[in-house]
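As structure tokens, the structure follows; a few thoughts come after it.
The values are calculated or read from the model by the stated rules, or taken from the named source; none is laboratory data. Everything numeric here is computed off the predicted structure, so don't read it as measured data. Here the Cβ positions follow ideal geometry from the backbone for every residue, glycine too, while neighbour counts run over all protein chains shown.
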């Protein structure tokens, strides 16, 4: 059994760890508050794009590549995997990795798809790059991403799709539900039949702006490119907000567990101290008895 000094040293170390986890929780909570506000940033841009939906649904665009359904078998898929750069956020990264593996296995068995990936976040890249080959360098995820940071992902996805390198583009990541929970999902953004699940704005311009050459394919491609960019950006905002919420919960649980362990250590230290005192008293009494 450890002695009083050893228990004291462990208690000091554990107290330091508890202060670190408590601080990390407060930092993550401040990031989460800001991330929740940033979830509403795309709404004005989404309102403008919603106004263009009737234009995109014209019959002249039904045969365009972005409107046609993907092949039933042997489809080439580009999967955007969104995780975090750091750990200490509970099951946030593992849930995405597990869902991607399940989805790829299921789709491969049913449709015989071929998958390449774009990794937004180092954790997903580290876990999956051997199973799903990357088509570009992994993108670092900032604590508060900007729209320009997702431009490389959306541009590569749209260009590769129009160049017929891929038949579908999907996004895998966590959707922020509340500070207590998030939802892991894999959703399709291309072809255009399944647009990004952006909440419909309350106020939408009633009349679409005047457009030159409304049947020009370039207009459809330009609008779709903006939809893809909005979908990637909105998915990344949700992923980052979910990461901060998961880190708050993980650090809260770690702090509570460390407090519980500290109480147990204090009790064990007191027992060791009492045992040492008892042994000393026993030795004194034994020595006194031997002198008599």
- Query: Does residue 146 meet the test of being within 28 Å of residue 33 (Cα to Cα) and loosely packed, with under 15 Cβ neighbours inside 10 Å?
  - Reply: yes
- Task: Would you check which residues across segment 99-129 are buried (at least 20 other Cβ atoms within 10 Å of the Cβ), more than 17 Å from the chain's Cα centre (by Cα) and assigned to a loop (DSSP other than H, G, I, E, B) and list them?
- Result: 113
- Single unsatisfied condition, residue 26 versus (1) farther than 30 Å from residue 266 by Cβ; (2) touching a helix residue (DSSP H, G or I) at 6+ places or on another chain (Cβ under 9 Å): (1)
- Message: Condition first: in a helix (DSSP H, G or I), farther than 30 Å from residue 141 by Cβ, at pLDDT 90 or above and touching a helix residue (DSSP H, G or I) at 6+ places or on another chain (Cβ under 9 Å). Can you find one or more residues in segment 267-277 that meet it?
- Response: no
- Message: Restricting to segment 72-96, name every residue that is closer than 20 Å to residue 133 by Cα, part of a helix (DSSP H, G or I) and either in contact with a helix residue (DSSP H, G or I) (Cβ under 7 Å, 6 or more places away or on another chain) or in contact (Cβ under 8 Å) with a residue 24 or more places away in the chain (or both).
- Response: 93, 95, 96
- Query: Which of the residues spanning segment 54-71 are touching a residue at least 24 places away in the same chain (Cβ under 8 Å) and either more than 19 Å from residue 189 (Cβ to Cβ) or not in a loop (DSSP other than H, G, I, E, B) (or both)?
  - Reply: 54, 55, 56, 58, 60, 61
- Message: Looking only at residues that are exposed (fewer than 15 other Cβ atoms within 10 Å of the Cβ) and over 18 Å from the mean Cα position of the chain (by Cα) in segment 152-187, which one is nearest to residue 89 (Cα to Cα)?
- Response: 155
- Message: residue 47 - would you say it is in contact with a helix residue (DSSP H, G or I) (Cβ under 6 Å, 6 or more places away or on another chain), more than 30 Å from residue 277 (Cβ to Cβ) and surrounded by 12 or more Cβ atoms within 10 Å (Cβ to Cβ)?
- Response: no
